[in-house]
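What follows is calculated from the coordinates using simple rules that are stated; it is not laboratory data. Every value quoted in this text rests on a predicted model; they were computed, and no experiment measured them. Please note: Cβ atoms are built from the backbone with ideal geometry, for glycine as well, and neighbour counts cover all protein chains shown.
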């Protein structure tokens, strides 16, 4: 099953970071948030990705093309030019489609541009700027049970400020950034049938408007409630929250362990490329 990730927006509220890179490449713990999202999907067995590119898409392309070489130990044969990568990151059994979907394309338009790559199959969809510990297999099972075209994961958003409980002028309880007890919002972890492409008109369509509104009106949009961890990264403050969690060893979205590197990994060696004999000695 393919996992579509929207990674083309400008991230204007993170301008301190996104002047030089797209928001999905902003790092948490030395790794792009896009990597964290993909690791979570891979942990649940979903390793076939489609990344919808736009703003500074070349940064994501370069990262993926160079990923194995930059995150592995390398053995280089200077006579033949053959390069082999060794180590955990060289064993990621992922396929990543990097699809240019336009600089100014809206979210719905980006999704529709992925249609030729999705084909006539159920697929997953999320944004490239939010992490969660949502059980993706349970989400898929829920989607298959109800038989509708679309499932949206809904979450209770974290409060932006600490919550106070007062008795007169005395603070009797303080909770830092609790989740809001009431109210649900779009958590952006979707499971979708290919018929949803018919709900998207063109590049100017915002997924969060007419497509979702019409799916709901047609009785084709179901809600999967997720009451555990979820956090988007729209602002520098939210980036710092995620950084602090990761640095403190308290990152609820880190669902994976080293076993993810071993699945379908063979002997842990990957041949990166091979030049013609003698090419490595040139110059």
quick shape note, segment 53-129: Cα extents on principal axes in Å, largest first -> 48, 27, 24
On the formula 1/(1 + (r/R0)^6), with r taken between the Cβ atoms of residue 240 and residue 65 and R0 of 30 Å, the FRET efficiency rounded to 0.05 is 0.50
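Going by how many other Cβ atoms sit within 10 Å of their own, how do 43, 36 line up, fewest first?
43, 36
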Cα-based Debye curve of segment 1-102 sampled at q = 0.19, 0.22 Å⁻¹ gives log₁₀ I(q)/I(0) of -0.99, -1.20
Note to self: Kirkwood Rh of segment 178-255, Cα pairs, one decimal, Å, is 15.4 Å
